[in-house]
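So the structure is just underneath, and the comments pick up after that.
Since every read-out is calculated from the coordinates, none of them should be taken as a lab result. All values derive from a computational prediction rather than experimental measurement. Reconstructed Cβ throughout: ideal geometry from the backbone, glycine too, with neighbour counts over all protein chains shown.
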Amino acid sequence: MNLSLGYINPEDVLKNTAELMALSARTAPKSAGQDFVVIKIITRDEIDRLAEAMVQYGIETNKRNFDRDSKNVKNSPVILLIGLKDSQTVGLNCGACGFERCKDCEAHEGPEFDGPQCALRILDMGIAIGSAVKMAGIMGVDNRIMYRIGVVAKKIGLIEASFVMGIPLSATGKNIYFDR
């Protein structure tokens, strides 16, 4: 076994970290033990396509910062996508989604995401995202949760989901996701 501290390829480390993040997101607790969280790791070709589509989406919709975030995407060797697919309500009739009864919370296609979503399923997704970024932090990998990545990743079909967030990963001397 060679334990030398020779050259380490940061992209390989980031891919391995993304896999650990995906595992952490998958094993995060879910409401009623039902899992509607979907996870996908994307790399260079898909990242380039995503970055270009983000700029275009910002222009077409006249929405700010899609171009700024696309620069971060372009400079990230690996991105983890986490979303919800075909999620069903938990069935508690709690009203947190804005409807009195779960049966009234029927999802429909929205301009960026599909909704409404059961609030507890969104919490499931949030806990999965939190578990994933915790793992990135443990591994010393820079990351940032980005709404804009999710919007465009869904729109161009990089992931099949109703609601998506993206987590780009980077390993440089300075965190590229801050001081933008």
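Do any of 103/134; 85/134; 15/103; 30/155; 15/154; 71/155 go past 30 Å between their Cα atoms, and which? Walk me through the numbers before you get to the answer.
On the way: 103/134 35 Å; 85/134 23 Å; 15/103 40 Å; 30/155 26 Å; 15/154 21 Å; 71/155 18 Å.
Too far apart for the 30 Å limit: 103/134; 15/103.
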(request) Select from the range 91-169 those chymotrypsin sites (Phe, Trp or Tyr not before Pro) which occupy a DSSP coil region and have at most 13 other Cβ atoms within 10 Å, ordered by residue number. (result) none
(message) From the phi angles alone, apply the Karplus equation (6.51, -1.76, 1.60; θ = phi - 60°) to the range 63-69 and give each ³J(HN,Hα) in whole Hz, x where the residue is Gly or Pro.
(response) 9, 6, 6, 5, 5, 4, 5
(request) At q = 0.12, 0.18 Å⁻¹, work out log10 I(q)/I(0) for the range 92-180 with the Debye formula, treating every Cα as an identical point scatterer and leaving solvent out; two decimals please. (result) -0.48, -0.89
(request) Find the all-direction average of the projected area of the Cα convex hull for the range 47-154, expressing the result in square nanometres with one decimal place. (result) 7.7 nm²
(request) Give the angle, between 0 and 90 degrees and rounded to the nearest 10, that separates the Cα long axis of helix 10-27 from the longest principal axis of the Cα atoms of the chain. (result) 30 degrees
(message) If Rh is defined by the Kirkwood formula over all Cα pairs and Rg also comes from Cα, what ratio Rg/Rh do you get for the chain?
(response) 1.02
(request) Would you mind telling me which residue in 62, 75, 93 has the biggest mean-square fluctuation in a Gaussian network model of the chain, where springs connect alpha carbons within a distance under 10 angstrom? (result) 62
(message) Compute the angle between helix 44-61 and the longest alpha-carbon principal axis of the chain, please, reported from 0 to 90 degrees and rounded to the nearest 10.
(response) 50 degrees
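Could you quote the convex hull projected area for the range 75-138, Cα atoms only and averaged over all directions, in nm²? Don't jump to the answer; show the numbers that get you there.
On the way: hull surface 23.4 nm².
Mean shadow area of the hull around the Cα atoms is 5.8 nm².
Got the relative contact order for the range 56-180 handy, in percent, Cα pairs under 8 Å and 6 or more residues apart?
Numbers: 174 pairs, mean separation 40.0, N = 125.
After rounding, I find 32 percent.
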